[in-house]
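Working notes, beginning with the structure itself.
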């Protein structure tokens, strides 16, 4: 098995790049700062580690878990300030841009040009992986966040038809409520509230999503449609059980898996929880886009941001970047992680039904210009603005603000965070 | 001539005297230097940061004057944090003092088993606030904790869900903090009670004073310095309360349980707003100084008299 994997990866890299194996093989080491420490994530990262080791590159692990990467970013600050940054750092969205502005990141142009990343990586991702026209980060995967995970049993009991618009969704939720289960499994943490909010805003129109979440147009942020978005959030809140506050997302997934709840609105990392519990897509659970958002995708992409390193480490760094973008790695990693490849030319044969749908949706959204960065996951606005939005969304979701006040507060909060 | 002799003698005696004079200074110098750099140096660094436009990393090229402070006091989360600090610190200090004093007085009645009871009350202090926070979070969680247990043993209508309620959540933090600290306050008061001169109490008893009157009129007024010490210890714990909040609610539900220390951490490291984070840290420091300085002044001033 192991040998097969090794041969596979060697062959893969030889075929696709012909680069890693020949030019940069043998020697060097990469130090990687990341927060993938839980079971499935660590297993996925191990694919990359093994691949590099087979090329003679030593992997120095620097895991800093906690706070969805917040702890890792704090550790990174210390390393960069001390003038000794790691080779590669797992990073998200505007954090990458912020670091790039500090002038401490490396340049992957050499590999990227040779392998033609420009043509295969979706443009929306390039906006973050490139800075001033230079490749600074290697995108590992694309998670999309506008998914709904429905228990098949609960759906069948509620009529069996997957909802395609808001009214149908409410009808299904009502039926689930009548059937005596918690219709919506949700964890009351700011980022989870914001994840649903992303999808709700997107369901009110892609133009509205772009003008409010990405361009932060005050008219869109405080307008009628935003009030409606908050009204929809309040409606969804009424389907959540009373103990939701503070619950972790994977416990919410467990409620759907155990049949205690009907559905969860969460990014595709939730799929890993279902698969781990031995559930099968299609027969045990159903994956659909948030009703009204089919055809568009809000994404969250894990990237490895590369820092400026000495010449002795440069070769290993480029090898790592090249490995990350090789189609065979993209396929084997993302099958394990539950996400979809960060390049659009990877065959979907190894993926399950939800994964195939994810790949198809991503390609479609990319070509129709409906692939947007997720606000909740730091791909639409910088951290300060994102968290300012979190504050308003979570206060509204917890009943501290009504919908009109929330829309007004959103305008103010965004302006204050930008000031 | 006589003058010359004394001078010569003092020159001979001087090296030893000088050494004796210098020795304490030499011994203290390293720790003094360390404190100077790592406490006051970093306070100064933070103060400078708070006037800069630092975002992700310290940035000394843009200056915003009091801009960070203006934004701070216009930020709804900071106002929530200040309000929570007021609620938390008042309740925490008052309740801890009352419970601590009551426990100390009860233990002071020369009861049997004091040696067993005293450490039991003190033990919570040995736990870190993180442990206390996690334990109380589970205990107060309606789904698995107190409410669940009460309902499952038959008290169906029992309801205690403050930790999930934005209006009440800050009080659950008070409960956990009081549980943690009142034993420590008890120990302070007990030491104070034991320090009261027995002669005075005996004299009062001969004069026919009841136990209640003795405590109210004699013992408690004599313990004024203990009250002050307890107040200062509890007040600074309240202002820097961070770990307990993170473990119990992480600021939620919504933003209901934010405290200034939580604000500082989240803004500096989570939101890349290092300038505002530094400004909030400086405000917190000023609050602590506002408590400590008068205390030191009264303590040191008292000794001079």
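Residue A:347 satisfies every condition listed in (1) surrounded by fewer than 23 Cβ atoms within 10 Å (Cβ to Cβ); (2) part of a helix (DSSP H, G or I) except (2).
So that you can scan it fast, the table gives a plain yes or no per residue for (1) within 14 Å of chain A (Cβ to nearest Cβ); (2) on the phi > 0 side of the Ramachandran plot:
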{"position": "B:52", "(1), (2)": "no, no"}
{"position": "B:56", "(1), (2)": "yes, no"}
{"position": "B:70", "(1), (2)": "yes, no"}
{"position": "B:74", "(1), (2)": "yes, no"}
{"position": "B:82", "(1), (2)": "no, no"}
{"position": "B:90", "(1), (2)": "no, no"}
{"position": "B:103", "(1), (2)": "no, no"}
{"position": "B:113", "(1), (2)": "no, yes"}
{"position": "B:121", "(1), (2)": "no, no"}
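Return a yes/no flag: does segment A:391-399 have any residue that is more than 17 Å from residue A:143 (Cα to Cα), within 14 Å of chain B (Cβ to nearest Cβ) and not in a helix (DSSP H, G or I). Yes, segment A:391-399 contains at least one residue that is more than 17 Å from residue A:143 (Cα to Cα), within 14 Å of chain B (Cβ to nearest Cβ) and not in a helix (DSSP H, G or I).
Scanning segment B:149-164 for residues that are within 13 Å of chain A (Cβ to nearest Cβ) and farther than 26 Å from residue A:189 by Cα yields a total of 1. Take residue A:388 and decide whether it is within 14 Å of chain B (Cβ to nearest Cβ) and at pLDDT below 95. Considered against the rule, which asks whether it is within 14 Å of chain B (Cβ to nearest Cβ) and at pLDDT below 95, residue A:388 comes out as yes.
Residues that are buried (at least 23 other Cβ atoms within 10 Å of the Cβ), in a loop (DSSP other than H, G, I, E, B) and more than 8 Å from chain A (Cβ to nearest Cβ) were ranked within segment B:242-277; the one that is modelled with the lowest pLDDT is B:251. When the test is whether a residue is exposed (fewer than 14 other Cβ atoms within 10 Å of the Cβ) and within 13 Å of chain A (Cβ to nearest Cβ), residue B:167 passes it. Here residue A:406 does not qualify as free of Cβ contacts under 8 Å to residues at least 40 places away in the same chain, out of contact with any strand residue (DSSP E or B) (no Cβ under 8 Å at 6 or more places or on another chain) and either within 14 Å of another protein chain (Cβ to nearest Cβ) or in a loop (DSSP other than H, G, I, E, B) (or both). Selection of segment A:272-289 for residues being farther than 13 Å from residue A:358 by Cα, in contact (Cβ under 8 Å) with a residue 40 or more places away in the chain and buried (at least 22 other Cβ atoms within 10 Å of the Cβ) yields A:274, A:285.
Kindly indicate whether residue B:232 is away from every other protein chain (no Cβ under 14 Å) and within 21 Å of residue B:105 (Cβ to Cβ).
no
The values are calculated or read from the model by the stated rules, or taken from the named source; none is laboratory data. Predicted model only: the values in this text are computed from it and were never measured. Ideal geometry is used to build each Cβ from the backbone, glycine not excepted, and the neighbour counts take in all protein chains shown.
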